[in-house]
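**Q** The structure is given below, and queries will be raised subsequently.
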Amino acid sequence: MVGAGRGEKIVQMLKKVRPQQAALVMGLMALGGVGLATRTLPPVAQAAVPKAAVPVPLPAPTRPAPPALVATINALGGGFQGRVGIAVRSIDEGWVVGHAMDQRMPQQSVSKLWVALTTMNAIDEGKLALATPVTITRSDLTLFHQPIAYLMKDGVFRTTVGDLLRRALTLSDNTANDKLLNLAGGPVAVRDFIASRGLGNIRFGPGERLLQAKTAGLPWKQEYSQGNAFAQARSQLDPNVRRAAYQAYVADPPDGAGAGAIADALARLRHGMLLTPQSTSWLLDTMSHTRTGRARLRAALPTGWSVAHKTGTGQDLGGRTAGFNDVGILTAPDGKSYAVAVMIGDTARPVQERQQLIQTVVSAIVAVHG
């Protein structure tokens, strides 16, 4: 049974959840949420990855996962209308709670985190520096969200690797990210980093241009990077072509990842297992200034809590969205922290309900931390 103090906190938290979800959570608790498994789906078979490594083990759990959180996460994931993976890992106590956390979901801009890690690793190895100068030209432009395009004068913007990292992580600038991807060695370098650190169930796609074009059912043309050209070309496609391309993407996303693997990677980052201490500190501080997703993880944090995170949002088709995500590290006032990944892989539910799901996961963590 859930303790009286924690039970009262969960009841208060559930008042913010839509009735169907709240009823499901309470029902699960009444049936004995303590016995619910923390993994609700069997692991997805993974293809062999080159340069695979056995990761240094994360610290062993010092206590079981809180039963109230187990029940709540399972109920929230099972009650949401759409494909969703949720994972919560206590960085200090080692326990893990999740729903469908081994099922690969589209990452979208969450994958910028792996580009940033690969770039920071290149800095650690002396191949790049935060102060390395970089020139952005029109040939570097991508599509969708790229605020850096408006800073170009006479078709050129001069900057540094450190500035591009800040723009890619805090503003989710696609052009900044793709430029970093090229500087770091391309998709192969990112996949090698993921494999060399043994991060497991995390794929990295072909880069923003090719990923988004294929998802829409288009071949990429650099002219699509200008103005509204991509959206116009997409709107002229046969609806059946668009639908087939969208469905193929959500069914087997080339940038897919399990929420559990992402939460584990975030915990490894926080423990200093992926980068040097200086680079770890710099990256987490930069992620704490993320401006995107104000109504996602950050919105449910009480005073005194902080979050270092990365959002991701995919293309829409007929009210459906291929990826609506937020992943990050929550830190409580007492210094304890949690790695969290909420990956909504495909849903037609209103944006407010998606945001509420993510916020309720945070509220549930705060309630059991209490």
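The values are calculated or read from the model by the stated rules, or taken from the named source; none is laboratory data. All values reported here derive from a predicted model rather than from experimental measurement. Glycine gets a Cβ as well: all are built from the backbone with ideal geometry, and neighbour counts include every protein chain shown. Just so you know, the surface numbers come from the protein's heavy atoms only, side chains and all, with ligands and any DNA or RNA stripped out. Shrake-Rupley method; radii C 1.70, N 1.55, O 1.52, S 1.80 Å.
**Q** Pairs only if they're at least six apart or on different chains, beta carbon under 9 angstrom, first in the range 277-289 and at negative phi, second open to solvent by 10 Å² or more (accessible area, probe 1.4 Å) and of a type in the set (D, E, K, R); list them, first residue then second.
**A** 278/124; 279/124; 280/270; 284/270; 286/166; 289/166
**Q** Considering only the range 253-304, state which residues are among the aliphatic types (A, V, I, L, M) and surrounded by fewer than 20 Cβ atoms within 10 Å (Cβ to Cβ).
**A** 273, 284, 295, 299, 301
**Q** Can residue 208 be described as closer than 25 Å to residue 264 by Cα and touching a helix residue (DSSP H, G or I) at 6+ places or on another chain (Cβ under 6 Å)?
**A** yes
**Q** Out of curiosity, is residue 151 open to solvent by 10 Å² or more (accessible area, probe 1.4 Å), touching a strand residue (DSSP E or B) at 6+ places or on another chain (Cβ under 6 Å), over 16 Å from residue 209 (Cα atoms) and not small (Gly, Ala, Ser)?
**A** Considered against the rule, which asks whether it is open to solvent by 10 Å² or more (accessible area, probe 1.4 Å), touching a strand residue (DSSP E or B) at 6+ places or on another chain (Cβ under 6 Å), over 16 Å from residue 209 (Cα atoms) and not small (Gly, Ala, Ser), residue 151 comes out as yes.
**Q** Looking for something within 14 Å of residue 120 (Cβ to Cβ) and under 17 Å from the mean Cα position of the chain (by Cα) - is there at least one such residue anywhere in the range 275-282?
**A** no
**Q** When you scan the range 138-148, do you find a residue that is under 22 Å from residue 231 (Cβ atoms) and among the small types (Gly, Ala, Ser), even just one?
**A** Checked the range 138-148: at least one residue is under 22 Å from residue 231 (Cβ atoms) and among the small types (Gly, Ala, Ser).
**Q** Hey, another quick one. Determine if the range 231-245 includes at least one residue that is assigned to a loop (DSSP other than H, G, I, E, B) and touching a residue at least 40 places away in the same chain (Cβ under 8 Å).
**A** no
**Q** How many residues does the range 305-325 contain that are open to solvent by less than 50 Å² (accessible area, probe 1.4 Å) and free of Cβ contacts under 8 Å to residues at least 60 places away in the same chain?
**A** Total meeting the criteria: 6.
**Q** What tally of residues in the range 133-148 results from selecting those that are touching a helix residue (DSSP H, G or I) at 6+ places or on another chain (Cβ under 9 Å) and either in a strand (DSSP E or B) or loosely packed, with under 12 Cβ neighbours inside 10 Å (or both)?
**A** So the answer is 4.
**Q** Mind checking which residues of the range 192-216 are out of contact with any Lys or Arg (no Cβ under 6 Å at 6 or more places or on another chain) and within 16 Å of residue 144 (Cα to Cα)?
**A** 207, 208, 209, 210, 211, 212, 213, 214, 215
**Q** If you don't mind, there's one more thing I want to ask. Which of (1) open to solvent by 20 Å² or more (accessible area, probe 1.4 Å); (2) in contact (Cβ under 8 Å) with a residue 12 or more places away in the chain does residue 220 not meet, given it meets every other one?
**A** Only one criterion in (1) open to solvent by 20 Å² or more (accessible area, probe 1.4 Å); (2) in contact (Cβ under 8 Å) with a residue 12 or more places away in the chain is unmet by residue 220, namely (2).
**Q** Return the pairs, sorted by first residue and then second, in which the second residue is modelled with pLDDT of 95 or more and assigned to a helix (DSSP H, G or I), the first residue lies in the range 160-183 and is among the β-branched types (Val, Ile, Thr) and open to solvent by 10 Å² or more (accessible area, probe 1.4 Å), the beta carbons are less than 7 Å apart, and the residues are 6+ apart or on different chains.
**A** Hits for this filter: 170/286.
**Q** Name the one entry in 81, 103 that is closer than 20 Å to residue 310 by Cα and either open to solvent by 10 Å² or more (accessible area, probe 1.4 Å) or part of a helix (DSSP H, G or I) (or both).
**A** Answer to the selection: 103.
**Q** Find the helices (runs of 4 or more DSSP H) located wholly in the range 251-370 whose residues include 2 or more that are touching a helix residue (DSSP H, G or I) at 6+ places or on another chain (Cβ under 7 Å) and within 22 Å of residue 164 (Cβ to Cβ), and list them.
**A** Qualifying helices (runs of 4 or more DSSP H): 277-287.
**Q** Based on this model, can you work out whether residue 121 counts as open to solvent by 10 Å² or more (accessible area, probe 1.4 Å) and within 21 Å of the chain's Cα centre (by Cα)?
**A** yes
**Q** Quick one: how many residues across the range 336-358 are of a type outside the set (Asp, Glu) and either modelled with pLDDT under 95 or open to solvent by 40 Å² or more (accessible area, probe 1.4 Å) (or both)?
**A** Selection size over the range 336-358: 8.
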